[in-house]
Amino acid sequence: DGGITQSPKYLFRKEGQNVTLSCEQNLNHDAMYWYRQDPGQGLRLIYYSQIVNDFQKGDIAEGYSVSREKKESFPLTVTSAQKNPTAFYLCASKDGNYGYTFGSGTRLTVV
Amino acid sequence: DQQVKQNSPSLSVQEGRISILNCDYTNSMFDYFLWYKKYPAEGPTFLISISSIKDKNEDGRFTVFLNKSAKHLSLHIVPSQPGDSAVYFCAASRNDYKLSFGAGTTVTVRA
């Protein structure tokens with residue numbers, strides 16, 4: 001079955017640590033996205049990539065970094081510079097039309 | 001600056017009745033609108049969409065209406081079923097660029 005796999009489902013981070021969230025898709029989609037969801041707020045775009053080896057900042061990119069070395073993979077690193085990283089993180093991919101497909105998410109908690 | 005707004009954070013409806021979810025947007029350049037359904041700890045799943053050249057799109061129990069002059073769209077669910085209880089996000093896109101999401105409306109269908 002084609003889809004998007006995010007791992008881990010739950011992640012705990014200590015203050016000052018960097019952590020990397022994995023996102024893998026086997027849909028052969030060119031574009032991939034990272035969103036963040038906070039309670040009472042909509043999904044906010046962190047980073048997106050429309051093609052391999054290229055990515056752009058979204059609306060809330062500060063404290064995050066990404067890479068897109070392979071079409072299938074778009075990992076997100078939450079760095080220690082991100083002051084409020086506790087949130088639910090969603091990865092999505094899109095084909096040439098408007099067909100966005102989302103992963104099941106990673107819940108990150110700072111302890 | 002939030003360009004997509006869902007002003008009702010919650011909606012409670014009796015099973016079998018109609019659910020009406022509303023969404024307003026500010027960017028007149030948006031040309032495609034989507035509704036997503038989301039269960040807790042899962043990624044959003046696509047529900048229904050509408051192009052800006054249309055004013056109505058119907059898919060089974062779900063109908064989306066678009067009023068471009070008012071920059072307003074709505075989702076009607078008829079009849080509402082217990083499995084419809086979820087968070088519903090309105091999203092908008094410009095030139096297939098990136099999605100801007102509303103804050104979501106939590107729908108509870110009462111038996």
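For region B:73-111, a residue qualifies if it is of a type in the set (Ser, Thr, Tyr) and in contact with a strand residue (DSSP E or B) (Cβ under 7 Å, 6 or more places away or on another chain), and the qualifying residues are B:74, B:80, B:85, B:88, B:93, B:100, B:105, B:106, B:108.
Test residue B:25 against the stated conditions and say whether it is buried (at least 19 other Cβ atoms within 10 Å of the Cβ), within 14 Å of chain A (Cβ to nearest Cβ) and farther than 23 Å from residue A:93 by Cβ. Please lay out each step first, then the result.
Working: buried (at least 19 other Cβ atoms within 10 Å of the Cβ): yes; within 14 Å of chain A (Cβ to nearest Cβ): yes; farther than 23 Å from residue A:93 by Cβ: yes.
When the stated conditions are applied, residue B:25 passes them.
Just one of the listed residues (A:92, A:87, A:61) is within 14 Å of another protein chain (Cβ to nearest Cβ), without any contact (Cβ under 8 Å) to a residue 60 or more places away in the chain, within 14 Å of the chain's Cα centre (by Cα) and crowded, with 21+ Cβ neighbours inside 10 Å, and it is A:87. For residues that are assigned to a loop (DSSP other than H, G, I, E, B) and of a type in the set (Asp, Glu), scanning just region B:37-61, find the one that is farthest from the chain's Cα centre (by Cα). Looking at the filtered set, the residue picked out is B:42. Pairs are defined by a Cβ separation below 9 Å, a sequence spacing of at least 6 or placement on different chains, a first member in region B:1-16 that is within 10 Å of another protein chain (Cβ to nearest Cβ) and within 25 Å of residue B:83 (Cβ to Cβ), and a second member that is in a loop (DSSP other than H, G, I, E, B) and among the basic types (Lys, Arg); no pair meets this definition.
Residue A:33 meets all of the listed conditions (1) away from chain B (no Cβ under 14 Å); (2) crowded, with 22+ Cβ neighbours inside 10 Å but one, namely (1).
Every number here is computed from the coordinates shown, using simple stated rules; none is lab data. Please read these numbers as outputs of a predicted model, since none were measured by experiment. Heads up, the Cβs are rebuilt from the backbone with ideal geometry, glycines too, and the neighbour counts pull from every protein chain shown.
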